[in-house]
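Enquirer: Take a look at this one; I'll ask things after.
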Amino acid sequence: MTIKTELRILLSLFVFISLQNQSLNAQQKTIGQKVDSLMNLMTLEEKVGQLNQYNDDWEATGPVTNDKNKAEQIRDGQVGSILNCMGTARTRHWQSIAMQARLHIPLIFGQDVIHGYKTTFPIPLATSCSWDLAAIEAAERVAATETSASGIHWTFAPMVDVSRDPRWGRVMEGSGEDPYLGAKIAAARVKGFQGEKIGGVNSVLACAKHFAAYGLAIGGRDYNSVDMSDRLLWEVYLPPFKAAVDAGVRTFMTSFNDINGVPSTGNRELLHDILKEKWGFQGFVVSDWGAVGEMIKHGNVKNEYEAAECAINAGCDMDMESRCYKDNLSQLTKDGKVPLTEIDDAVSRVLSVKFELGLFDDPYKFCDPVREQRELNNPEHTAQARDMARKSIVLLKNENHLLPLTKNLKTIAFIGPLVKAVKQNNGFWDVSVPGIDSSFIVSQWQGLENKVGKLSKLLYAKGCDIEGTDKSGFDEAVTIARQADVVVMSIGERRDMTGEAKSRSDITIPGVQEDLVKAVMGTGKPVVVLINAGRPLVFNYLADHVPAILYTWWLGSEAGNAIADVLFGDYNPSAKLTISFPASIGQIPVFYSHFNTGRPAHDDNDRYYRSAYTDLSIYPKYEFGYGLSYTAFKYSNLKLSRNSMTANDTINVTVTVTNTGKYDGEEIVQLYFHDLVGSIVRPVNELKDFEKIKLQAGESKTVSFAIDVEKLSFYNRDLKWGAEPGEFELMIGASSRDIRLKDQFELIK
Ligand code: BGC
C-alpha cells in the first residue's frame, strides 16, 4: 500500500466518523449547524461544485454543452444539481453516483413543471383567468405530488412575470397584466408546490422566476432589453416576486434580460440588495440557462472569468449550464476577486435546502417506483385537471343565448384543424414524461363524443391547417355545416407558437382559419367558435360576426372533456380575462391600469382631447376582468361603513350580488380604486380586492371587502411605500370597464 493510498483511507475514515457523529447529533442540530459542520469538511472545489448545475443528456431546454465525463464529475463532487432528469430510475442512477463522492452530498433535481407533470393542467395564463386561488393552489399540489413521485425535488415555477405585451411568447406562463392579482396567484402557486412543509414527500421546491422585469422586453421580443423606471419596477413588476418570498418560496431564477443596462444575472442591486437584504430571502438563486456566460454577449463582461465574478458577487448562487462557475470560481477566490464569504454564503444556501428536503437522511427519498406508478395514474388528478380546465375557459360572446347547447341536437358539425388534435391541447410547456405517450390526453373530438356521441350525430371536417393558404378543405366543411343544427369550430395557434423564444409580431389568427369561419358562417347555421391559443390574439371579424366565442387557451390533458362540459352547460363559464385583448396589434401595449394624461381620451371628436389614435379607440377589444356567464348578475346596495378613515381605521364595504338569470353560476366581483390626487400621478383604476362567489339562479349574496391603509398605499416619488391623505373613488365592477357601482371616501390625517 502506498503512502498516498493510506492517507486516502485515513481521510475517508475521518470523514466517515465525522458524518457518523453528524448523524448521531442530527436530531439536536439545527440545519444551520449541520450546514456549518459539513462546510468545514469541504474543499473550495467541492464548494464550487455545489453551485454548478448540469442538464441531463436526454432533453434540453437551452443550448447544450456535451460533457463526456459527466458521471466522473459528479463522482468527484463537481456538480450540485441536475435539470431535465425525470423518473425514479434515472434520478436514482445519478444520485447513486453522487453518493460515491467523498462527502456523499446529494444532488437536487430540477424540472420545468409549469402546468402539471404527467397530468397536464391548462397553461398558467389560462388558470389565472379562474381567479380561483384555492383551485390554483390545489392544481400545483397535484403537480408537486406527481413531480416528487418521479424523483424530482424542484420545479422552475411559478413564473410570476407581469406582462402587458401579447406579442411576447412567454405571456402564456404568467398570470397576466396586474400586479395585485399576480401577487395573489404567485403566493397560491408557491404554497401549492411547496405544500405544508419542504421535506414532505409530496412537496417540491418552488422557484419564482424570472427575476426581474422580463415581461417588459422591448417590442415583446424574447430575451430583449428592458428599460424601466424604478416606480414601474416597484409598483408593477416586483410585487408578485415579493409575494412569493412572503409565501416562503425557496428558490429564485434570474431573468435573461438586462434592466436599464445591467443584466439581471449580474445585478447586485436586484439579487443582493433587494431580494436577499431588503426582503430577507433565505433560499438560493439559480441563473437562467447559460445566463452567467451570456453576459459576455450582453457586453458587460469580457470573458467567462469576469462573468463568474460578476454573477457570484451580485448574489447569483447557482450557475445553470454555463460552466463559468465551475471553471473559474476557485481561481477567482484565489485571485482575491471573489471573497470566500460570497462562496460560503451561496453554498450554505444550497446545502440548507438539501438538508431541508431530507436528502442527507435519505438521498433516494423521492425514488420509490411504486409510488411513482400510483401517483402518475391517480384518477383524482385527472378529475382536478378537468375541473381546472373548465374554470379557465372564458366566454367572450354569447348572442341570443346560443350557448349552452342542448344535449338532444340531431346533428352537430365539428370543424377545424384543432378538433382532432391531441398533443396540441397540452400547450407549450408540457412535460414529456419518459415512457408515457399522449394517449391519455382527451382530444376535443373525444370530449364531444364522450358527452353526446350517443345522443347526436357528429360530423367532422378539418377545413384547413393551422397555417398555410390551402382552402381545398373548405367545401367539405361547408357541406357538413349545411347538414348540422349547430356548428362548433375549433381554431387558433399551434401550441408552440407561444412559449419561450416564440414572440410574434402578427398575433392574428394564423393561416386561412378566419376565412374558413367566414365560409361556414355563409351557411346561415349557428356557429360557436373555440379559440385555442397561448396568448391574446386579434380576431375582429370573429368578435364582430360570430354569435358565440369561447376562449379555451390550451387546457391540458382534459381539454376535450372540459370543453364539452362548458358547451353543454354542465359547467357554467366563470373565468375572466387577466390580460387585455388588443383590438389591433398597433394598440399594444394596452392595459387597464393606465394614467389619465393631461388630455384624456374620453371624447374622440375633440381633436385636442384625445390621447388616442386617429384610427382606433383607446379601449381594448376585451378588457382585463372581462368574461361572461350563461346567467346574469345584478349589483346593488353598495354600502361603506364610513366615508372617511385615518391610517388606523378600516372601512367595510358591502355590496349585494344577485343571480338574475336561469342558471346557477359564479361571479368574480372586483374592487377597484382611483386615488384622485397623488404626489405622483395614480392610475385611473387599480384592482385592490376581489371575491369569486357561487350563486344559484335567483339567489343573492352580500360580498364584503375591508379597506385598510395598506390597500391605499403606493410607492411615492422617493420610492417610499405609504398612503397619502386625500380622496379615493371606489368602484365595484364585473370587469375593469364594466363598473357597476361607485362611491367615494377620504383618507384623513
Ligand atoms: C427558461 C427557464 C427555464 C430554463 C430551464 C430557460 O431557457 O428561460 O424558464 O426554467 O430554461 O429549462
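The values are calculated or read from the model by the stated rules, or taken from the named source; none is laboratory data. Note that the structure is predicted; figures quoted are calculated from it, not measured. Positions of Cβ are backbone-derived with ideal geometry, glycine not excepted, and every protein chain shown enters the neighbour counts. Just so you know, the surface numbers come from the protein's heavy atoms only, side chains and all, with ligands and any DNA or RNA stripped out. Shrake-Rupley method; radii C 1.70, N 1.55, O 1.52, S 1.80 Å.
Enquirer: Where the eigenvalues come from the Cα gyration tensor of the chain, what are the semi-axes √(5λ) of the equivalent ellipsoid, largest first, in whole Å?
Expert: Working: eigenvalues 428, 208, 115 Å².
With the √(5λ) rule applied to the chain, the semi-axes are 46, 32, 24 Å.
Enquirer: Once you sort the root eigenvalues of the Cα gyration tensor of segment 614-671 as a ≥ b ≥ c, which label holds: rounded (a/c under 1.5), prolate (a/b larger than b/c) or oblate (the other case)? Present the calculation step by step, with values, prior to reporting the outcome.
Expert: On the way: a/c = 3.15, a/b = 1.28, b/c = 2.46.
Because a/c hits 1.5 or more and a/b fails to exceed b/c, segment 614-671 counts as oblate.
Enquirer: If you don't mind, another one. How big is the dipole moment of segment 247-351 about its Cα centre under a simple scheme where the beta carbon of each Lys and Arg is +1, that of each Asp and Glu is -1, and everything else is neutral? Debye, nearest 20, please.
Expert: Details: 11 positive and 17 negative charges, 23 e Å.
With Lys and Arg at +1 and Asp and Glu at -1, about 100 debye.
Enquirer: Here's a follow-up. I need to check one value: relative contact order of segment 621-738, counting alpha carbon pairs closer than 8 Å and at least 6 residues apart, in percent.
Expert: Relative contact order comes out at 31 percent.
Enquirer: Suppose all protein chains stay in the model; what accessible area per residue would a 1.4 Å probe give for segment 626-696, in Å²? Could the numbers behind the result be given before it?
Expert: On the way: 2950 Å² over 71 residues.
In whole numbers, segment 626-696 has 42 Å² accessible per residue.
Enquirer: Please tell me the relative contact order of segment 222-368 in percent, rounded to the nearest whole number, where contacts are Cα pairs under 8 Å and at least six residues apart. Write out the running numbers ahead of the final one.
Expert: On the way: 192 pairs, mean separation 29.9, N = 147.
With pairs under 8 Å counted, the relative contact order is 20 percent.
Enquirer: Got the relative contact order for the chain handy, in percent, Cα pairs under 8 Å and 6 or more residues apart? The partial results should precede the final answer.
Expert: Values: 1775 pairs, mean separation 93.4, N = 749.
About 12 percent, as a whole number.
Enquirer: For a protection proxy built on the mean count of beta-carbon atoms within 10 angstrom, sort 368-375, 621-628 highest first, please. Please list the in-between numbers first.
Expert: Details: 368-375: 15.2, 621-628: 23.1.
Ranking the peptides 368-375, 621-628 by packing returns 621-628, 368-375.
Enquirer: In segment 122-173, what percent of the accessible surface is made up of carbon and sulfur (1.4 Å probe, ligands and nucleic acids excluded)?
Expert: Working: 300 of 550 Å².
For segment 122-173, the apolar C and S fraction of the accessible surface comes to 55 percent.
Enquirer: Here is a further query. Which order do peptides 171-177, 569-575, 196-202 fall in by mean Cβ count within 10 Å, highest first? Provide the component values of the computation, followed by the final result.
Expert: Working: 171-177: 27.6, 569-575: 22.3, 196-202: 14.3.
Result, highest mean first: 171-177, 569-575, 196-202.
Enquirer: Something else now. Rounded, prolate or oblate, given the Cα gyration tensor of segment 417-520, with a/c below 1.5 counting as rounded? Intermediate results must be reported in sequence, preceding the final value.
Expert: On the way: a/c = 2.70, a/b = 1.19, b/c = 2.27.
The shape class here is oblate.
Enquirer: Sum up the charges of everything whose Cβ sits under 11 Å from the Cβ of GLY195, counting Lys and Arg as +1 and Asp and Glu as -1, but leave GLY195 out.
Expert: Values: positive: ARG141, LYS191, LYS197; negative: GLU137, GLU140, GLU196.
Its environment carries a net charge of 0.
Enquirer: Quick one: which of LYS334/LYS354; LYS118/LYS518; LYS688/LYS749; LYS197/LYS749 span more than 32 angstrom between C-alpha atoms?
Expert: Numbers: LYS334/LYS354 27 Å; LYS118/LYS518 38 Å; LYS688/LYS749 22 Å; LYS197/LYS749 42 Å.
The pairs that break the limit, which is 32 Å between Cα atoms, are LYS118/LYS518; LYS197/LYS749.
Enquirer: Which residues' amide hydrogens lie under 5 Å from the amide hydrogen of THR508, considering only partners 5 or more residues apart or on another chain, with H built in the peptide plane?
Expert: HN-HN under 5 Å from THR508: VAL538.
Enquirer: If the only charges are +1 at each Lys and Arg Cβ and -1 at each Asp and Glu Cβ, what is the size of the charge dipole of the chain around the Cα centre, to the nearest 20 debye? List each step's numbers first, then the result.
Expert: Working: 81 positive and 94 negative charges, 248 e Å.
I would put it at about 1200 debye.
Enquirer: Quick one: with all protein chains in place, what share of the accessible area of segment 424-498 is carbon or sulfur, to the nearest percent (1.4 Å probe)?
Expert: On the way: 1520 of 3360 Å².
In segment 424-498, the share of accessible area belonging to carbon and sulfur is 45 percent.
Enquirer: Using amide H atoms built in the peptide plane, which far-off residues or other-chain residues are under 5 Å from SER503 H to H?
Expert: Here the answer is GLY169, ASP222, since their amide H atoms fall under 5 Å of that of SER503.
Enquirer: Can you check what the net charge comes to around GLN50, using other residues whose Cβ is under 14 Å from the Cβ of GLN50 (Lys, Arg +1; Asp, Glu -1)? Walk me through the numbers before you get to the answer.
Expert: Working: positive: LYS47, ARG102, LYS326, ARG349, LYS354; negative: GLU45, GLU46, ASP76, ASP317, ASP319, GLU342, ASP344, ASP345.
Surrounding charge for GLN50 is -3.
Enquirer: Another one. Per residue of segment 75-85, what does 6.51 cos²θ - 1.76 cosθ + 1.60 with θ = phi - 60° give for ³J(HN,Hα)? Whole Hz please, x for Gly and Pro, Karplus curve as stated.
Expert: Calculated HN-Hα couplings, in order: 4, 8, x, 9, 10, x, 7, 10, 10, 6, 10 Hz.
Enquirer: Give me the number: length gained by fully extending ALA647 to GLN744, i.e. 0.36 nm times residue separation minus the C-alpha to C-alpha distance, one decimal in nm. The partial results should precede the final answer.
Expert: Numbers: separation 97, 0.36 × 97 = 34.92 nm, distance 1.65 nm.
Gain in length upon complete extension: 33.3 nm.
Enquirer: What is the sum of charges, Lys and Arg at +1 and Asp and Glu at -1, for the other residues whose Cβ falls under 12 Å from the Cβ of ALA247? Don't skip to the end; give the middle numbers.
Expert: Working: positive: LYS184, ARG189, LYS191, LYS242, ARG250; negative: GLU137, GLU140, ASP246.
With Lys, Arg at +1 and Asp, Glu at -1, the neighbours total +2.
Enquirer: Using only Cα atoms, locate the centre of segment 266-342 and the centre of segment 488-507, then give the distance between them in Å, rounded to an integer.
Expert: After rounding, the separation between the Cα centres reads 35 Å.
Enquirer: Starting at the first residue of segment 206-214, write each ³J(HN,Hα) from the Karplus equation 6.51 cos²θ - 1.76 cosθ + 1.60 with θ = phi - 60°, in whole Hz, x for Gly and Pro.
Expert: 8, 9, 7, 9, 10, 8, 8, 6, 3
Enquirer: What is the percent carbon and sulfur in the accessible area of segment 320-404, measuring with a 1.4 Å probe over the protein chains and ignoring ligands?
Expert: C and S fraction of accessible area: 46 percent.
Enquirer: Hey, another quick one. Hey, what's segment 27-112 come to in accessible area per residue, 1.4 Å probe, Å²?
Expert: Averaged over the residues of segment 27-112, the accessible area is 41 Å².
Enquirer: Given a 1.4 Å probe, how much area per residue of segment 297-338 is accessible, in Å²? Each step should come with its number before you reach the end.
Expert: Numbers: 1650 Å² over 42 residues.
So segment 297-338 comes to 39 Å² accessible per residue, rounded to a whole number.
Enquirer: Additional query: For an R0 of 30 angstrom, estimate the FRET efficiency from the Cβ-Cβ distance between SER432 and THR65 and round to the nearest 0.05. Present the calculation step by step, with values, prior to reporting the outcome.
Expert: Details: r = 21 Å, r/R0 = 0.71.
Efficiency for this residue pair is about 0.90.
Enquirer: Order of 691-703, 225-237, 107-119 by packing, highest average Cβ count within 10 Å first?
Expert: Working: 691-703: 15.1, 225-237: 17.0, 107-119: 26.5.
The most tightly packed comes first, giving 107-119, 225-237, 691-703.
Enquirer: Can you list the DSSP H helices in the chain whose Cα atoms extend at least 18 Å along the helix axis and whose mean Kyte-Doolittle hydropathy is 0.5 or higher?
Expert: Values: long enough: 3-24 (31 Å, 0.94); 133-149 (24 Å, 0.46); 179-194 (22 Å, 0.19); 340-357 (26 Å, 0.47); 379-392 (20 Å, -1.60).
Helices meeting the span and hydropathy rule in the chain are 3-24.
Enquirer: In deg cm²/dmol, rounded to 500, what helix-only [θ] at 222 nm does the chain give when every DSSP H run of at least 4 residues adds -39500 (n - 2.57) and the total is split over its residues?
Expert: Details: 21 runs with 219 residues, N = 749.
It comes out at -8500 deg cm²/dmol, rounded to the nearest 500.
Enquirer: While we're on this one: Rounded if a/c is under 1.5, else prolate if a/b beats b/c, else oblate: with a ≥ b ≥ c from the C-alpha gyration tensor eigenvalues square-rooted, which is segment 200-319? Don't skip to the end; give the middle numbers.
Expert: Numbers: a/c = 1.68, a/b = 1.23, b/c = 1.36.
Oblate, since a/c reaches 1.5 and b/c is not below a/b.
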